[in-house]
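These notes concern the structure reproduced below.
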Amino acid sequence: MEYVTAGESHGPYLSAIISGFPANVQLDQQRLLADLRQRQIGYGRGGRMQIETDQVQIISGVRFGKTLGSPIGLLLPNRDFENWHAVMSVWPTTTQNSATVTKRIITRPRPGHADLVGGLKYDQLRDLRNVLERASARETAMRVAIGSLCQQFLAQFGIVIAGVVTQIGAASLSQESLRQASRPQSRRDFEREVIAPIRQQSTRTLDVETNSRMQATIDQAKSDQTTLGGQIRVIVQGLPLGLGSYVSANRKLDARLSSALMSINAIKGVSFGDGFDFGHETGRAAVDAIFWQNDSYQRSENHQGGLEGGMTNGMPLIIDLVMKPIPTQPTGAPTVDIRTHELTRATVERSDTTAVPAASVIAEAMTAITVMQAFCEMFGEDENQRIQQNFARYQRYLKGQRTEGQERS
Ligand SMILES: Cc1cc2nc3c(=O)[nH]c(=O)nc-3n(C[C@H](O)[C@H](O)[C@H](O)COP(=O)(O)O)c2cc1C
Ligand SMILES: C=C(O[C@@H]1CC(C(=O)O)=C[C@@H](OP(=O)(O)O)[C@H]1O)C(=O)O
């Protein structure tokens, strides 16, 4: 399965084409819209999210709710385009030189954004809007739509994903809550104890108390006229063992997940399992001991975060992400005007105070896309029932290994 997205932040539409999505997968439109909504409603977002409703349409590849195996087309109108007709017109118009367009030309690049380097690289210095429009995280709405379809596919196999906000500025979730959420558990428990709570909290953290501390931290940053970043933990439960591979560098699942997650705007670090704590742990303390119980191989701990040798090992996948503070500063960060090279303050249109809750939804989506790709490489990608049969055969094979092991011992 592959995809490509297109669209400018204030242009008429965002769009995407997904190819290689299996046939006969039942999709749920309400789930798709609910996932897009989750990306929008996080605490700390700016005025733009009041305008958009992210009503994505599926325009091909699905009939009566079931995938056809043909490319799936997605189209999402930007409601804000109403206010940007003149500025974002695709073809030259008589209004092109109007005062509105001139007023919106951007020549004061924002440090930490793509503005300056993009302008130089693509020779767009006349108007940095030509860079900013596509560099904007608006594009991630399409990735959440695609990821929602992938999550619906994976859920058939009991694979469920949660992106939990663990820190915003100085406010963090307790280590104990995080440990509880990350332990191996049944799909039902995980849905009840992790997925449902984060969908209810406006910062997408796990409990009401942490949520209010995070909200207060965001309010404070807003009144201080600055912005915040934070951390997210992605947890995946129900993974079969063996997704990904050790045989080639480009098939290692940790490498592929890192790449997918690092592609999210403003994400600056990804780690697995104990992550950077490995640096001070002894080898003995980092062992996930193997033992045999209840007819299967078990692990004492999950320091490795569910991956060994670039493959899932049957334990929950644990990925931590760090997001930098939103680069646009309400007061305008120091920069130069590219027309004069004189010191000035960067352009400020409206902006988010923080987007960590939204990024946690995007992280779920990017994880789902990557896991589904690895899943389909292993079990097939043409037709859903055949994939289910291949998956069931693999489960029987693993069970056979267990029986054989018992016979040998
Ligand atoms: C959901 C989301 C919303 C964002 N909103 C803003 C914003 O309002 N203002 C801003 O300057 N950056 C925002 N960003 C971050 C920029 O898109 C990002 O920093 C920029 O594209 C440069 O990319 P880099 O930080 O990955 O280098 C947002 C990121 C995400 C994921
Ligand atoms: C539009 C979205 O996020 C935008 C991401 C973004 C940026 O610079 O990345 C800047 C802001 O755009 P605007 O200037 O239009 O308010 C955010 O609102 C979205 O998430 O859908």
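Just so it is clear, none of the values below were taken in a lab; they were calculated from the coordinates. Since the model is a prediction, treat every value here as computed from it, not as a measurement. We place every Cβ from the backbone using ideal geometry, glycine too, and count neighbours over all the protein chains shown.
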Which residue fluctuates most in the GNM of the chain (Cα springs below 10 Å): 122, 13, 394? 122
To the nearest 20 debye, the stretch 42-186 has a Cα-centred charge dipole, built from +1 on Lys and Arg Cβ and -1 on Asp and Glu Cβ, of 80 debye
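Treating only the Cβ atoms of Lys and Arg (+1) and Asp and Glu (-1) as charged, compute the dipole magnitude of the chain about its Cα centre; round to the nearest 20 debye.
With Lys and Arg at +1 and Asp and Glu at -1, about 420 debye.
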Under the rule a/c < 1.5 gives rounded, and otherwise a/b versus b/c splits prolate from oblate, where does the chain land using the Cα gyration tensor? prolate
For residue 31, net neighbour charge (Lys/Arg +1, Asp/Glu -1) across residues whose Cβ lies under 12 Å away: 0
Computed label-point distance, nm, for sites residue 394 and residue 345 using a 7 Å Cα→Cβ extension: 5.5 nm
Measure nothing but the geometry: give the 0 to 90° angle between the long axis through the Cα atoms of 356-379 and the longest principal axis through the Cα atoms of the chain, rounded to 10°. 50 degrees
Quick check on the exposure proxy: order 280, 303 from fewest to most C-beta atoms within 10 angstrom. 280, 303
Using only the Cα atoms of the stretch 10-94, build the gyration tensor, take square roots of its eigenvalues as a ≥ b ≥ c, and label the shape rounded, prolate or oblate: rounded if a/c is under 1.5, else prolate if a/b is larger than b/c, else oblate. oblate
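For residue 225 and residue 51, what does the FRET efficiency come to when R0 = 22 Å and r is the distance between their Cβ atoms, rounded to the nearest 0.05?
Given R0 = 22 Å and the Cβ-Cβ separation, E is 0.45.
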In the Gaussian network model of the chain, springs joining C-alpha atoms below 10 Å, which of 278, 291, 157 carries the largest mean-square fluctuation? 291
Using a 7 Å offset from the Cα along the Cα-to-Cβ direction at both residue 2 and residue 31, what is the distance between the two label points in nm, to one decimal? 2.6 nm
To the nearest 10 degrees, how steeply does helix 253-262 sit against the main Cα axis of the chain, on a 0 to 90 scale? 20 degrees
In degrees between 0 and 90, to the nearest 10, how far off the longest principal axis of the chain does helix 384-408 point, with axes built from Cα atoms? 40 degrees
FRET efficiency for residue 192 and residue 324, using Cβ-Cβ distance with R0 set to 41 Å, rounded to 0.05: 0.80
